[in-house]
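All of the numbers you see were taken from the coordinates with simple rules; none came from a lab. Everything numeric here is computed off the predicted structure, so don't read it as measured data. Please note: Cβ atoms are built from the backbone with ideal geometry, for glycine as well, and neighbour counts cover all protein chains shown.
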Amino acid sequence: MPLLPAVAPSWGRGLYLITPDEGDTPRLLARVAAVLPHAALLQYRNKTADAGLRQAQANALAVLCRDHGVPLVINDDAALALAVGAAGVHLGEDDGDIAAARSLLGPGAIVGVSCYDDLSRAETAAAAGAGYIAFGAFFPSTTKPNARHATPGLLRQSAGLGLPRVAIGGITPDNACALVEAGADLLAVIGGVFDAPDPVAAARTISALFDRG
């Protein structure tokens, strides 16, 4: 039987925003603040920033998220999550293990795990106490053009693991509905919101999918 996360999630279903690579911190904060009211979670991810910029941006986002009551998750870096008081960390396959992250961040931390197109990885993550499991990419993604391809069936097949299921990869307001219908609890989006002609409208549209009966 899989272990459940140490503390039941308090963040519910909805839009899981992931930050774009943005070197201008005030601009990043302005872009995030505009759409944050429609988010269930925010993940800070910046693959182009150096350590100093990452620290500064994560600190600023932590304050913004606290003001809006939205949990902040740090991509790949449990130490940075601890340093800025984030709610948790997201781990890829080369980013350390769940037990080490929980030991550092505490039993109540959100520890999410990328499972790509691999149900067995999701089962292992659930057994190790992950807070959520993420599958993708479901659609072609400009962020990760060579990402493995996942199918909606994975969302259905992993329902019995008892964890929130995150869908990621090329998700937009136009294609998101099918993933919610397949069982996604959270839709992780970067470009589908931040690169949209109207980011607020895009965020609102994706969030509203979870309000349907």
Discussion item. Suppose the filter is among the polar types (S, T, N, Q) and farther than 30 Å from Thr48 by Cα; does Ser103 pass it?
Written reply: no
Discussion item. As an exercise: evaluate Ala49 against (1) over 18 Å from the mean Cα position of the chain (by Cα); (2) assigned to a strand (DSSP E or B) and give the number of the one condition it does not meet.
Written reply: (2)
Fill in: Leading residue by the ranking (farthest from Ala134 (Cα to Cα)) among those in the stretch 102-123 that are part of a loop (DSSP other than H, G, I, E, B) and small (Gly, Ala, Ser)
Gly106
Discussion item. So for the stretch 192-206 (the condition being assigned to a helix (DSSP H, G or I), in contact with a Ser or Thr (Cβ under 6 Å, 6 or more places away or on another chain), at negative phi and not hydroxyl-bearing (Ser, Thr, Tyr)), does at least one residue qualify?
Written reply: yes
Item to complete: Please work out which one of (1) touching a residue at least 24 places away in the same chain (Cβ under 8 Å); (2) exposed (fewer than 14 other Cβ atoms within 10 Å of the Cβ); (3) among the hydroxyl-bearing types (Ser, Thr, Tyr) is the condition Ser103 fails and give its number.
Response: (1)
